[in-house]
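Reading through the structure tokens given below for one structure.
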């Protein structure tokens, strides 16, 4: 797939980070990689043409990207996945060199809102995925992006501490950290974001003294908090690995996280030329639940299964592949 050089470079870095940081050596070089690497994919032979998929390089995104890849391959497309470190890396080439992105409705709508209206733009905060999709319709249309069916499955940003730290300081919610100074281990684009460092600082009154860009739900972020280098780490509400590591999520009691239902984001031009893509991906959105995501994430992060193998197993169990 002829992606622009900056995306390809970022993808290479993101894939390395995923292999080294998110799920260990089991991922190897297959975790975001060549078309057909997803085990059950490739059945269609690519007679419908190519489709470029881009996504972020944390385990859940790698797994869902593999589901997209396998389904599109099976439907006759030649799908290629590139994993990158943050949304900022693929959005400059989407739409364009990137055709399809496994997205989160709040994430993409608020990214477009900030890009269009500046860092101080009032964020879209609807807690309902369908409402948030409707609220962002004009921004999506201007960007040439179409959102397919919104899934019931949702996965918002979350922030965790060690169980010992929570017990020692009586922490259950993020509000319990008001006025406290913490170091935050998080995604590289966290600083200033309203659903990350910006919201923690402005809405919760937490003194975030430093943001360590160690990755979203990465092994480095977990270890930084476990070792006491950071007090707070960024992950997701469906992280199935926390309990086994002695980590707990602090409740987002002021609800700074918008609805983050899973949703396929597709180039409007690509969708117009290939309308059957909706028929391929929408059944997956209907099948996935939040409980599914939590269980599947645990298989990747705790049981060390490969994202593409977990993806194949789910697709086959649901009769989608």
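Observations, loosely collected:
- C-alpha long axis of helix 276-287 to longest principal axis of the chain, angle in °: 40 degrees
- Neighbour-count order for 112, 184, fewest beta carbons within 10 angstrom listed first: 112, 184
- Rounded to 10°, Cα long-axis angle of helix 307-317 versus longest principal axis of the chain: 60 degrees
- Centre-to-centre separation between the Cα atoms of region 57-119 and those of region 177-208: 25 Å.
- Dimensions (Å) - region 189-321, Cα atoms, principal axes, largest first: 49, 35, 24
- Residues 272, 69, 308, 318 arranged by fewest to most Cβ contacts within 10 Å: 272, 318, 308, 69
- The label-point distance for residue 313 and residue 255, in a model that sets each label 7 Å from Cα toward Cβ, rounds to 3.5 nm.
- Mean ellipticity per residue at 222 nm, deg cm²/dmol - from DSSP H runs of n ≥ 4 across the chain, formula -39500 (n - 2.57): -11000 deg cm²/dmol
- Seen against the Cα atoms of the chain and their longest principal axis, helix 105-117 is set at about 80 degrees.
- Each pair of Cα atoms in the chain enters the Kirkwood radius, and Stokes-Einstein at 25 °C and 0.890 mPa s then converts it into a translational diffusion coefficient of 125 µm²/s.
- Here region 231-262 is scanned for amide nitrogen atoms under 20 Å from the site 7 Å beyond the Cα of residue 175 along Cα-to-Cβ, giving 249-259.
- Normalised contact order of the chain, rounded percent, pairs of Cα under 8 Å and 6 or more residues apart: 24 percent
- Contact order for region 231-321, expressed relative to its length and based on alpha carbon pairs under 8 Å spaced 6+ residues apart, stands at 41 percent.
- Here, region 175-248 has an Rg and a Dmax of 11.5, 32 Å when only alpha carbons are counted.
Bear in mind these aren't lab numbers, they're just calculated from the coordinates by the rules spelled out. As the structure is a computational prediction, the values presented were derived from the model and not from experiment. Positions of Cβ are backbone-derived with ideal geometry, glycine not excepted, and every protein chain shown enters the neighbour counts.
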